[in-house]
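Asks: Handing you a structure now.
The values are calculated or read from the model by the stated rules, or taken from the named source; none is laboratory data. All values reported here derive from a predicted model rather than from experimental measurement. Cβ placement follows ideal geometry from the backbone for every residue including glycine, while neighbour counts extend to all protein chains displayed. SASA here: full protein model, heavy atoms, side chains in, ligands and nucleic acids out. Shrake-Rupley method; radii C 1.70, N 1.55, O 1.52, S 1.80 Å.
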Amino acid sequence: MSSDRPLLSIKNLAVTLGGRPIIRPGTSLSLFPGEIVGLLGPNGSGKSTLLRSICGLARKSVGAVQFGRDATDSMKPIERARHCAYVAQSEQFTSAYTVLESVLMGRYPHIARFGSYGYADYAAARAALGRVDLEEFEGRKVTELSGGEAARVVIARALAQAPPVLLLDEPTAALDPKHAAAIMSLIRELADEGKAILMALHEVNLALTYTNRIIFLKDGEILGDTPTSAVTADQLEEVYDISWEIWQLGGQGRRVVVPL
């Protein structure tokens, strides 16, 4: 970690939707510059709701969310967008914007009221497209893209937004192995540049390879916040209700898990 001060702090959070507790009271976590934190748990455990509550898309019932020293309760949406970007698990493009136009939308927190996009905004958008290997797609319509290409456009839009905190919900779900590996490597690069990243994942082995810590969530409750190198088969069994084996690969310390 590059700083002792978290970029994101959640204290005693709870979220109730339709009268049903989704995130249980007392949920707390911190996210520091330079780290990737994996959010793991079974379907319905509350991972997406937790991410959405941080960025203001799901209303918390109680608790506090802070970016640095700034509480989000007093923030307008555009102010919150300067602190964090949220990449949803899937997004359907219904309007025939070009790829470049769609990525430029990530620049809206940085545009003055009644202002327009300038040279720096176009440069940021094109740089973001380059980082997701879509620089030659800028003139294409987003409605003509494959699912994997569209997913990378959404990630590029978040990069163009340039916040210190990234909230990613299954960022590799629609991607083939090549582009999934490229996106995870990019996420590692972003953390090395000082961003703090919280991402929900279903693929446990991706979490073991790329994260610094893993937060286990089950039935809306955090069961563990563990350095990735210390995750055990017993923890995985408690979360997923199946047995696991952990294997060591080669001499580089890489571990993989296999459900039994």
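Asks: Restricting to the range 131-159, what's the tally of residues that are closer than 14 Å to Tyr97 by Cβ and within 15 Å of the chain's Cα centre (by Cα)?
Replies: Summing the residues that are closer than 14 Å to Tyr97 by Cβ and within 15 Å of the chain's Cα centre (by Cα) in the range 131-159 gives 4.
Asks: Of (1) surrounded by fewer than 14 Cβ atoms within 10 Å (Cβ to Cβ); (2) on the phi > 0 side of the Ramachandran plot, Asp133 satisfies all except one. Which?
Replies: (1)
Asks: While we're looking at this one, here's another question. State which residue pairs qualify: first residue over 20 Å from Ala85 (Cβ atoms) and inside the range 198-217, second residue surrounded by fewer than 24 Cβ atoms within 10 Å (Cβ to Cβ) and basic (Lys, Arg) in any location, beta carbons under 9 Å apart, and separation of 6 or more residues or different chains.
Replies: Asn205/Arg255; Leu208/Arg254; Leu208/Arg255; Thr209/Arg254; Thr209/Arg255
Asks: Next up: How about the range 128-138: which of its residues are assigned to a helix (DSSP H, G or I) and either β-branched (Val, Ile, Thr) or free of Cβ contacts under 8 Å to residues at least 24 places away in the same chain (or both)?
Replies: Gly130, Glu135, Glu136
Asks: I'm checking my understanding of the structure. Among residues of the range 144-158 that are open to solvent by 30 Å² or more (accessible area, probe 1.4 Å) and in contact with a helix residue (DSSP H, G or I) (Cβ under 9 Å, 6 or more places away or on another chain), which one is nearest to Asp70 (Cα to Cα)?
Replies: Step one: filter the range 144-158 for residues open to solvent by 30 Å² or more (accessible area, probe 1.4 Å), giving 144, 146-147, 149, 157.
Filter once more, keeping what is in contact with a helix residue (DSSP H, G or I) (Cβ under 9 Å, 6 or more places away or on another chain): 149, 157.
Details: Glu149: 35, Arg157: 24 Å.
It comes out as Arg157.
Asks: Determine the pairs where a residue that is on the phi > 0 side of the Ramachandran plot, located within the range 16-40, has a partner that is surrounded by fewer than 17 Cβ atoms within 10 Å (Cβ to Cβ) and in a strand (DSSP E or B) with Cβ atoms under 7 Å apart, the partner being 6 or more residues away or on another chain.
Replies: Matching pairs, first to second residue: Gly26/Asn12.
Asks: Determine, yes or no, whether Ser90 is at pLDDT below 90 and either over 23 Å from the mean Cα position of the chain (by Cα) or in a strand (DSSP E or B) (or both).
Replies: For Ser90, the condition - at pLDDT below 90 and either over 23 Å from the mean Cα position of the chain (by Cα) or in a strand (DSSP E or B) (or both) - is not met.
Asks: Sticking with this one: Which of the residues that make up the range 52-87 are in a helix (DSSP H, G or I), of a type in the set (A, V, I, L, M) and either in contact with an Asp or Glu (Cβ under 8 Å, 6 or more places away or on another chain) or surrounded by 16 or more Cβ atoms within 10 Å (Cβ to Cβ) (or both)? Walk me through how you get there before you give the answer.
Replies: In the first step, residues of the range 52-87 are kept if they are in a helix (DSSP H, G or I); the result is 52-54, 72-74, 77-83.
Pick out the ones that are also of a type in the set (A, V, I, L, M) and you get 54, 78, 81.
Across the range 52-87, the qualifying residues are Ile54, Ala81.
Asks: Considering every residue within the range 118-136, establish whether at least one is of a type in the set (Phe, Trp, Tyr) and either in contact with an Asp or Glu (Cβ under 9 Å, 6 or more places away or on another chain) or at pLDDT below 90 (or both). Quick ask: steps written out before the conclusion?
Replies: Here is the first cut: in the range 118-136, the ones of a type in the set (Phe, Trp, Tyr) are 119, 122.
Imposing the further condition that a residue be either in contact with an Asp or Glu (Cβ under 9 Å, 6 or more places away or on another chain) or at pLDDT below 90 (or both) reduces the set to none.
No: the range 118-136 contains no residue that is of a type in the set (Phe, Trp, Tyr) and either in contact with an Asp or Glu (Cβ under 9 Å, 6 or more places away or on another chain) or at pLDDT below 90 (or both).
Asks: Starting from the range 97-115, keep only residues that are among the charged types (D, E, K, R), then list their pairs with residues that are modelled with pLDDT of 90 or more whose Cβ atoms are within a distance under 6 Å, requiring at least 6 positions of separation or different chains.
Replies: Qualifying pairs under 6 Å: Arg107/Asp121; Arg107/Ala160.
Asks: Sort through Ala124, Ala150, Ala162 and tell me the only one that's among the aliphatic types (A, V, I, L, M) and closer than 20 Å to Gln92 by Cα.
Replies: Ala150
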